Structures are given as C-alpha cells and as structure tokens.
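The values are calculated or read from the model by the stated rules, or taken from the named source; none is laboratory data. Quick caveat, the model's predicted, so the values are computed rather than measured. Counting neighbours? That spans all protein chains shown, and the Cβs are built from the backbone with ideal geometry, glycine included. In case anyone asks, the SASA skips ligands and DNA or RNA and just uses the protein heavy atoms, side chains included. Shrake-Rupley method; radii C 1.70, N 1.55, O 1.52, S 1.80 Å.
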Amino acid sequence: MALPEASAGVRDAGTEAYFDTWTPEYDAARLAPAAEWIRRLADGDSTLVDVGCGSGNVLAYLREATGLRRLSGIDVSPRYLEQARERIGCETHQGSILDAGLVDELGGRFDFAALGAVLHHLVGRTRRASRERARLPLANAGSHVRP
C-alpha cells in the first residue's frame, strides 16, 4: 500500500489509516548517541518533542535515557497518540510535520526535537519531490526548537 500524497494543512483520513495500519515500532535504542548528547545539554526544565512519535516508544526511551520529563509527541494517527499518552503521559498534538498551521502553533516551544523513522514515509513521485519532502520536515522540526 502506498502512502497517500499529503496536503499541507489538511487532515487526511487515508494518511491516518495508513499509519494506523502499516507502521511498525522501531527500536529506540538506535538513538543512544542522540540521547547522550541531549543528556549532556539538558537541564531540569528542558523539553523535547518527538515528531512522528507513533506509539511513544522513542519518547519512553528518551525519557529513561535522558532524564527529561517534559515530553511531547506529534503524529498523524489519533490511535498512536492515545497509545503514547497512555504509555508515558505526555502532551500530544495531532498533525503532520508538513502542516504549516501545526508548525506555527508549536514553533519555538521545545529545547530538543527528535525526528526518526519519518522521512521514508514522505517519498514523492520524483527525486526532486522527495528532496523537497525531506527538506521541509527537517526545517519544520527545527522550527519547533527555541532559538
């Protein structure tokens, strides 16, 4: 099943259903170097957002590995957001990293942003489209972080 083309700023039931059905829970331990970096830089009030948080396994890992307690997750799947909230009790936001409205709403609120296992879901119909669909989420995730 191919991922439906995403429209920035528009919720798409087909996209939500795709992620509810076809996305696995990736091994969060692959983020050990990032967790070590975050742990060195974080303080007691530091915040982190996981873009494409899925069921919250990466947030759970990062909470344990970094000591951060102020965590948030973003995902297109309401089911995954519910699982993330149940798993770690974090704040969640439904939407896509391609959604300019969500980016504006959350811009500059966090000290750290994690974006893993997301870009391969954003492949476009051409190489040029794929590059653009990779650049925009990276820039948008970066905009969530305080200057």
Open item on the list: Here is a check on your reading of the model: is Arg63 under 24 Å from Gly108 (Cβ atoms), out of contact with any His (no Cβ under 9 Å at 6 or more places or on another chain) and modelled with pLDDT of 90 or more?
Closed with: yes
TODO: For Ser77, state whether it is closer than 19 Å to Asn140 by Cα, touching a residue at least 40 places away in the same chain (Cβ under 8 Å) and of a type in the set (S, T, N, Q).
DONE: yes
- [ ] Please go through the stretch 40-56 and pick out each residue that is outside any loop (DSSP other than H, G, I, E, B), surrounded by 20 or more Cβ atoms within 10 Å (Cβ to Cβ) and not hydrophobic (A, V, I, L, M, F, W, C).
- [x] Asp50
Task: Count of the stretch 90-107 residues which are among the aliphatic types (A, V, I, L, M), outside any loop (DSSP other than H, G, I, E, B) and within 20 Å of Leu59 (Cβ to Cβ) - done: 3
TODO: Could you please find all residues in the stretch 108-147 being open to solvent by less than 40 Å² (accessible area, probe 1.4 Å) and either in a loop (DSSP other than H, G, I, E, B) or under 25 Å from Leu68 (Cα atoms) (or both)?
DONE: Gly108, Phe110, Phe112, Ala114, Gly116, Ala117, Val118, Gly124, Pro137, Asn140, Ala141, His144
